[in-house]
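Below you'll find the structure, written out as structure tokens, and then a few comments.
The values are calculated or read from the model by the stated rules, or taken from the named source; none is laboratory data. Please read all numbers here as calculations on a predicted model, not as lab measurements. Cβ sites come from the backbone with ideal geometry, for glycine too, and all protein chains shown count toward neighbours.
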Amino acid sequence: MKKLTVALLGAGERGQVYANYALSHPEEMKITAVAEIDPLKRKLFMEKHSIDEARGFADADELLKQLRLADAVFICTQDKDHYVQTMRALDLGYHVLLEKPMSPDSRECVEMEEKANRLGNVFSICHVLRYTPFFTKIKEIVQSGQIGKLMTVQHNEYVGYWHQAHSFVRGNWGNSAVSSPMILAKACHDMDILQWIIESPCTYISSFGTLSYYKPENAPTGAPTRCLDGCPVAHTCEYYAPKHYLTENVGWPTSSISVDLSYEGRWQALREGPYGRCVFHCDNDVVDHQVVSLEFENEVTAVFTMTAFARDGGRFIHLTGTKGEIRGAMELNEIVVKHFDTGAEEKILLRSLGGHVGHGGGDWVLVRDFIHLVNSNGQEKGLSSAEDSLRSHLLAFAAEESRRKHGTIDMRKYVQAITNS
């Protein structure tokens, strides 16, 4: 296998997860260039991966103005930057691994997929759940016929109150005007899993949801705009920033608030940065709970529920078929299969693959798959190809339109209108 050289755009949390594969598997992959706007973060990343000074860039545009610096580019920048950067990278001949979502604009998603297909570049999207042992096993069980014909899927994502506050209230994905709607930024993973398991075009979709809690009118009396400015409920508020970020744990999510993870550095970040804001006084507008109902061409029906209001967070799924049912808890890596004919119940406990623990090792399996695809010279189709990802992205876009307009979307007409525009 030829060693893959990679240029990384965006050395944040997700970018570093994928890049770290090169440190554990140097015979398979090497990071040869990086673009990162934070100078200290860029410096530390370059030292970690032994990148030449001339190949560290202050922004993605500067890197993409160069001639090809690697075989492939990993694009892990903000959602609204993906389109321009991907189109430029494809034109330069790079193979592309793109962090989800592809783009906040449905037409841009279509254009990226079409260009990669036309040029013959490998273009994969980071739908890492497809690579986890958990969802791989569920799909295998469904395809084996053990539960007969699949009839319904109930899929729940409990984001967790702390994760919602960190990423979707205080963090980069709290405001859809500068990032993406929640159904796209977070739950495009879930739309993708439903599409992947059910394996049939969606015919109709409807959705309801709103931002109900993280708003100024729900702030405690006297709560300041920043937690450290003398909050009167500091000792009882579950969202009080120091409770989450000034502890002994400096892993994620704390690791994302500052490059300087000393106590003083984190304190300063809460004083000045977005993660020190009161969750009721932010600029967020994305929903904190949402439900999506889907009907598929093969007559399977599905319901997806996303909620911020859970303690631990996690994904749970329940599939019913004509001969049995499957219940699964992703964070527990546990699947239970119940058979109608014998009454037997089988419990399956899966082993995490390691790597980025938040996705059960799926992140690194994704990278390994991408390396394999590039080495196959594009002769094989990846598990998370842009073609497949486009279908599930369109489900997310349609769900958001339904939520905003309070109406059911005919997916056949919706897809036709976007792809032909």
- Query: Would you pick out the residues in the range 176-213 that are over 22 Å from the mean Cα position of the chain (by Cα) and either of a type in the set (D, E, K, R) or surrounded by 22 or more Cβ atoms within 10 Å (Cβ to Cβ) (or both)?
  - Reply: none
- Going through the range 294-313 in order, the residues found to be at pLDDT below 95 and surrounded by 15 or more Cβ atoms within 10 Å (Cβ to Cβ) are Gly313
- Task: Having 1 or more residues that are within 30 Å of Ser144 (Cβ to Cβ) and among the charged types (D, E, K, R) is the bar; report the helices (runs of 4 or more DSSP H) wholly within the range 155-213 that clear it.
- Result: 188-198
- Condition check for Gln268: buried (at least 21 other Cβ atoms within 10 Å of the Cβ), of a type in the set (S, T, N, Q) and either touching a helix residue (DSSP H, G or I) at 6+ places or on another chain (Cβ under 6 Å) or not assigned by TED's automatic domain parsing to the domain that holds Cys109 (or both): no
- Give the number of residues within the range 263-307 that are among the aliphatic types (A, V, I, L, M) and over 30 Å from Met191 (Cα atoms). 2
- Task: Give the number of residues within the range 132-154 that are in a loop (DSSP other than H, G, I, E, B), within 20 Å of Glu299 (Cβ to Cβ) and polar (S, T, N, Q).
- Result: 1
- Considering only the range 3-84, give the helices (runs of 4 or more DSSP H) lying wholly within it that have at least 2 residues that are closer than 24 Å to Asn172 by Cα and under 25 Å from the mean Cα position of the chain (by Cα). 13-19, 39-49, 60-64
- Could you give me the residue pairs with C-beta distances under 6 Å whose first residue belongs to the range 263-276 and is closer than 12 Å to Thr225 by Cα, whose second residue is among the β-branched types (Val, Ile, Thr) wherever it lies, and which are 6+ apart or on separate chains? Tyr275/Ile257
